[in-house]
Amino acid sequence: MKGLILKDIYCLRTRMMAYIMTMVAALVLGILISLSSEYGNLRFDVFMAGDASITEDDMASYKIILGGGTFLAVLISLGVGFDGIMTFHMDEKANFNDVLRSMPVKPEEIVLARFITTYGFLLLSYVSSVLVALMISPVVKMFSLGEMIYAGTVLACALAIGLGVSICALFLWNKKTFDRIFVGAFVGAYALFAIALIVSDTYYENRLDAIMGVLMDKGKILYESCLLWLLPVAILMVAVCYFVSVWIIKRKGRGVR
């Protein structure tokens, strides 16, 4: 199993430079947005262009734009946590799975090695997001360090669940099939969301803003307490995905017991 982990790390070494560049870009983005909100075009009076009639919607829009940019700097470094599953593509490209079948490695060891590599990469990206938050927190006025770390932790838990499901799917199918299913699911979800907005606008018209406001309030409440249930769910899902992956490999006859 140690050899499989070292193999995955060796394969991912080419991604490290891109990872470092992403970290630097996230740090620069966060600092620039924060400085612009104090001295540049994102300053509130400049952003509103001297408009005297400022509504609550204008203020909310400003906070969303500025907050989204600030949090993007923290969360963008977490996105590279998904690079850990690139080892599946590299193994397929090198026909490593054919070699693996001839090795005296148990299915549990194959899965555990892949999980250690993938989630180790996610952990590294999470630590990086915390470091970015620490570095930009002195110049960020809108959000506290705790709020930025909380957002990163929530996304890390969500990514952990997504990674577990992705690993199961990649053990079951090849990467090309997985990519098609992923793109299809994304396009389908986007289409359903667009249809829901169109139908809501058609049938509810003037009440749509009120409905969206209620949903935003509910979402805020759910977000503020989500770690209480999201963290246990993430741990449970990772465990379930591990055992499902072992079952898939045994069913496909990979590994020698």
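Here are a few things to note about the model shown:
- Pair list, Cβ < 6 Å and 6+ apart or interchain, from the stretch 71-96 residues that are assigned to a helix (DSSP H, G or I) to residues that are open to solvent by less than 60 Å² (accessible area, probe 1.4 Å) and among the basic types (K, R): F88/K175; H89/K175; E92/K175
- Within the stretch 158-200, the set of residues being at pLDDT 85 or above, of a type in the set (S, T, Y) and open to solvent by 40 Å² or more (accessible area, probe 1.4 Å) is empty.
- The residue that is nearest to the chain's Cα centre (by Cα), among those in the stretch 85-115 that are open to solvent by less than 50 Å² (accessible area, probe 1.4 Å) and β-branched (V, I, T), is I85.
- Candidates V127, V132 - the one that is of a type in the set (V, I, T) and open to solvent by 40 Å² or more (accessible area, probe 1.4 Å): V127
- Test result for I195, closer than 30 Å to V132 by Cα, of a type outside the set (S, T, N, Q) and assigned to a helix (DSSP H, G or I): no
- Among (1) among the aliphatic types (A, V, I, L, M); (2) under 30 Å from A133 (Cβ atoms); (3) modelled with pLDDT under 80; (4) loosely packed, with under 14 Cβ neighbours inside 10 Å - the single one L227 does not satisfy: (4)
- Residue match in the stretch 26-34 (condition: out of contact with any strand residue (DSSP E or B) (no Cβ under 9 Å at 6 or more places or on another chain) and at pLDDT below 65): no
The values are calculated or read from the model by the stated rules, or taken from the named source; none is laboratory data. Bear in mind the structure is a predicted one, so any value in this text is a computation, not a measurement. Cβ atoms come from the backbone with ideal geometry, glycine included; neighbour counts cover every protein chain shown. Keep in mind that these areas ignore ligands, DNA and RNA; they rest on the heavy atoms of the full protein, side chains included. Shrake-Rupley method; radii C 1.70, N 1.55, O 1.52, S 1.80 Å.
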